[in-house]
1. Could you give me the residue pairs with C-beta distances under 8 Å whose first residue belongs to the range A:37-48 and is of a type in the set (A, V, I, L, M), whose second residue is open to solvent by 80 Å² or more (accessible area, probe 1.4 Å) and outside any helix (DSSP H, G or I) wherever it lies, and which are 6+ apart or on separate chains?
2. Going residue by residue through the range B:18-34, is there one that turns out to be open to solvent by 70 Å² or more (accessible area, probe 1.4 Å), over 30 Å from A:Leu89 (Cβ atoms), assigned to a helix (DSSP H, G or I) and at pLDDT 60 or above?
3. Determine, yes or no, whether A:Ala245 is assigned to a helix (DSSP H, G or I), in contact with an Asp or Glu (Cβ under 9 Å, 6 or more places away or on another chain) and not aromatic (Phe, Trp, Tyr).
4. Is the range A:213-224 home to any residue that is over 30 Å from A:Tyr35 (Cβ atoms) and over 25 Å from the mean Cα position of the chain (by Cα)?
5. When the range B:224-238 is examined, which residues are found to be touching a residue at least 24 places away in the same chain (Cβ under 8 Å) and not hydrophobic (A, V, I, L, M, F, W, C)?
6. Any residue in the range B:19-46 that is more than 10 Å from chain A (Cβ to nearest Cβ) sitting within a Cβ distance under 7 Å of a residue that is surrounded by 14 or more Cβ atoms within 10 Å (Cβ to Cβ) and in a helix (DSSP H, G or I)? List the pairs, counting only those 6 or more apart or interchain.
7. What residue, among those in the range A:72-81 that are part of a helix (DSSP H, G or I) and more than 8 Å from chain B (Cβ to nearest Cβ), is most open to solvent (accessible area, probe 1.4 Å)?
8. Would you call A:Leu140 buried (at least 21 other Cβ atoms within 10 Å of the Cβ) and within 17 Å of the chain's Cα centre (by Cα)?
Amino acid sequence: MALVIAFPLINAVITSFQDQRTIGSPAEFVGFDTYAKVLGDSAFWEALGRSGIWLVVNMIVQTILAFATALLLQRSTRWSRAARTWIVLPWVIPTVAVAVVWQWMLNSNYGIVTQLFRGIGIDLGSPFGDSAVALIAVILVNSWHWFPLSAVVIYGALATVPGEVLEAAKMDGAGAWRTFWAVTFPLLQPVLFALALVGSLWSFNVLDTIYLITGGGPVGSTTTMPVYVYDTAFSAFRSSQAAAASVLTVIVLGIAALLFVRFARPKEDS
Amino acid sequence: MTSLTASRRSGRTLRHRLGAVPRVVAWIVLSVIVLGPLYWITISAFKGREEIIRSTPTFWPETFTLSNFEQLFMSTEYPVFLTNSIIVAVTTTVVTVFVSLAAAYGLYRLKVPGSGKIAGIVLLSYMIPGTLLIVPLYRTLAGLELIDTHAGIVLVNVAFTAPFCTWLLRGFIFAVPREIDEAAAIDGAGPTRTMLQIVLPLLLPGIATVAVYSFVFSWTEFVFASQFIVSDALQTLPIGLSAIIGQYTVNWGLVMAGTLFTLLPTVVLFLFVGRYFVGGLITGATK
């Protein structure tokens with residue numbers, strides 16, 4: 001693990017201070033020049049901004065879907081019990097399959113979803129080919145792929161809320177909505193906190209879904225930070241710039257994570 | 001008095017029924033969202049070339065045909081990709097189970113000095129963005145002469161699955177009471193025997209969880225395989241499939257057949273051990 005994670009990390013930092021182009025080619029030490037180049041590249045900032053949108057919208061969509069699903073799973077009906085197995089299926093499907101099936105279902109000519117929407121008079125056009133909506137379309141596909149995992153974790157956390165506590169809240173005359181916000185939600189906070197932290201990092205780093213569906217396009221409208229780094233390294237062959245962008249991103253992520261831990265961590269004593 | 005109770009009761013059941021409406025709607029929406037695409041892949045794979053692109057879609061194939069599968073296995077490189085994926089996924093799973101079991105047992109069961117710190121680092125390493133490591137990883141593997149080998153891709157896969165799996169096993173190991181160790185020691189069992197014969201069988205659900213996770217991870221892994229494997233003959237399924245799509249974009253039936261076979265192993269595996277897995281994930285996450 002030291003070999004495959006720690007060493008590359010150090011290597012990335014070293015590379016970022018050089019002027020290497022194709023990976024492994026000889027390079028000279030240039031100090032912060034590469035960083036200056038990356039910081040001056042408007043594509044870097046655009047990718048960072050897009051990653052921000054990607055992260056926030058993904059988290060919102062997935063949290064809503066996951067919470068609704070978890071509340072459904074929690075019931076003890078036959079449907080709920082059966083669903084606890086199949087609900088995770090989108091998550092175990094290979095990303096390449098996810099990408100293919102959504103491209104097929106949203107195909108502007110033959111796609112089933114396109115045709116169903118056309119049936120009720122809405123023209124979807126081709127969502128992945130339209131730079132105005134491509135990012136949102138890919139976010140929705142990614143949310144479809146990942147929400148089951150959060151749903152299952154939240155469901156597991158819900159199961160740990162003691163029944164007597166909920167019973168007591170009901171006795172005191174609290175409605176379902178109030179019980180949820182006043183009792184269930186605070187008890188879930190530690191799990192939600194961990195889920196938000198790990199989930200955000202996972203979500204930020206999604207590359208394959210975007211790459212397989214749109215390849216970062218059309219006209220760069222879905223180029224998030226991982227896509228930017230990937231393209232810089234393997235299409236533009238500027239490995240030092242890619243490394244510098246990686247290091248900068250890790251720093252941004254680290255600060256964001258620290259702030260999140262500092263301000264959102266559930267209080268131990270309350 | 002009686003009629004009042006009766007009317008109140010009927011009012012309650014009516015409200016109860018109406019109250020169920022949103023839930024039923026939610027179930028329908030959820031089922032369609034989750035299972036709909038899977039259903040669509042499956043039936044599309046069995047449709048003929050003409051039927052699949054008809055302007056009014058058929059929700060059940062009019063004529064079942066296996067021609068898509070025939071073409072997939074006879075005239076594309078698909079069987080090669082499938083074999084490669086099986087090799088990589090199985091090796092990764094076996095190695096990950098060994099590594100994470102040894103690590104988790106050592107960290108959380110035996111009293112290794114500094115194990116708390118090591119456990120923290122293990123989790124921390126998982127937080128490091130994988131995709132941003134592609135470039136330096138490429139250099140590392142090149143240095144080890146592991147570019148374009150299955151061993152290289154297995155090594156990378158294990159490095160990314162093992163930390164999370166170690167952490168997942170924590171919950172399972174804590175669930176095995178320590179008194180069992182002491183009882184075994186009194187009965188004269190050494191530490192190795194205690195681990196292999198007593199604790200290990202109790203950890204089987206945990207091991208199943210870890211095995212499923214690492215299998216699914218390496219079976220679906222795209223980014224590293226696409227860069228670290230160069231020759232077509234060594235390529236895994238996700239890359240192979242996307243290449244097939246590029247070649248046969250018009251032939252959606254063929255593409256769907258390929259997609260179906262790509263997702264089948266993970267889905268089947270999951271239907272067998274899914275219950276353990278979901279349970280395991282919950283145990284791991286909530287403890």
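The values are calculated or read from the model by the stated rules, or taken from the named source; none is laboratory data. Computed from a predicted structure; not experimentally measured. A quick note on method: Cβ atoms are made from the backbone with ideal geometry, for glycine too, and the neighbour counts reach across all protein chains shown. The protein model used for the area step is the full one, side chains on, heavy atoms only, and it has no ligands, DNA or RNA in it. Shrake-Rupley method; radii C 1.70, N 1.55, O 1.52, S 1.80 Å.
1. Going by the 8 Å Cβ cut-off, there are no qualifying pairs.
2. yes
3. Numbers: assigned to a helix (DSSP H, G or I): yes; in contact with an Asp or Glu (Cβ under 9 Å, 6 or more places away or on another chain): yes; not aromatic (Phe, Trp, Tyr): yes.
So A:Ala245 passes the test.
4. Start the filter on the range A:213-224 by keeping residues that are over 30 Å from A:Tyr35 (Cβ atoms), which leaves A:213.
Subsequent filtering for residues that are over 25 Å from the mean Cα position of the chain (by Cα) retains none.
No: zero hits.
5. If we filter the range B:224-238 for residues that are touching a residue at least 24 places away in the same chain (Cβ under 8 Å), which is where we start, we get B:224-225, B:227-238.
Listed by number, the residues that qualify are B:Gln227, B:Ser231, B:Asp232, B:Gln235, B:Thr236, B:Pro238.
6. B:Thr42/B:Leu260; B:Ala45/B:Asn68; B:Ala45/B:Gly253; B:Ala45/B:Met256; B:Ala45/B:Ala257; B:Ala45/B:Leu260
7. As a first pass, look at the range A:72-81 and keep what is part of a helix (DSSP H, G or I): A:72-74, A:78-81.
If we keep only those that are more than 8 Å from chain B (Cβ to nearest Cβ) too, we end up with A:73-74, A:78, A:80-81.
Working: A:Leu73: 2, A:Gln74: 81, A:Arg78: 201, A:Ser80: 0, A:Arg81: 137 Å².
Filtering the range A:72-81 for residues that are part of a helix (DSSP H, G or I) and more than 8 Å from chain B (Cβ to nearest Cβ), the one most open to solvent (accessible area, probe 1.4 Å) comes out as A:Arg78.
8. Numbers: buried (at least 21 other Cβ atoms within 10 Å of the Cβ): no; within 17 Å of the chain's Cα centre (by Cα): yes.
Criteria not met by A:Leu140.
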